[in-house]
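Here the structure comes first, spelled out in structure tokens, and everything after it is commentary.
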Amino acid sequence: MPIIKTVNESGQISLGEEFAGRTVMIEELQQGVWLIKSGEFIPDSERWLFEPQVKADVDEAIRWAESNPPGESDLLSNMT
């Protein structure tokens, strides 16, 4: 259902209280046509974690850690 909004003097549009505090992505499809999606987005500093090889390595490490619980260790006994 289309909703008509007016852009104020500062260039802002209010989406309504239900979107307060939410992150949105705005994509300009063509001049004057925008697609607005709400969601959670990956910070630039963490984007490298989602590169295919890095993600595969991290997933493998998580699988290994889940099937190999931590055990007791004595770090001092190896210092002789």
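Structure values in brief
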item: Pair list, Cβ < 9 Å and 6+ apart or interchain, from region 23-40 residues that are touching a residue at least 12 places away in the same chain (Cβ under 8 Å) and farther than 14 Å from Ile13 by Cβ to residues that are of a type in the set (S, T, N, Q) and in a strand (DSSP E or B); result: Thr23/Ser38; Met25/Ser38
item: Within region 60-80, considering residues that are modelled with pLDDT under 90 and among the acidic types (Asp, Glu), the one nearest to the chain's Cα centre (by Cα); result: Glu72
item: Enumeration of residues in region 21-45 that are in a strand (DSSP E or B), surrounded by 10 or more Cβ atoms within 10 Å (Cβ to Cβ) and of a type outside the set (Gly, Ala, Ser); result: Val24, Met25, Trp34, Ile36, Lys37
item: Where a residue in region 58-69 is assigned to a helix (DSSP H, G or I) and its partner, wherever it lies, is modelled with pLDDT under 95, with Cβ under 9 Å and at least six apart; result: Val58/Leu49
item: Within region 41-70, tally of residues that are under 25 Å from Arg22 (Cβ atoms) and not acidic (Asp, Glu); result: 7
item: Residue that is nearest to the chain's Cα centre (by Cα), among those in region 46-59 that are surrounded by 10 or more Cβ atoms within 10 Å (Cβ to Cβ) and not acidic (Asp, Glu); result: Arg47
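The values are calculated or read from the model by the stated rules, or taken from the named source; none is laboratory data. These figures come from a predicted structure and were not determined experimentally. Because the Cβ atoms are built from the backbone with ideal geometry, glycine has one as well, and the counts that use them run over all protein chains shown.
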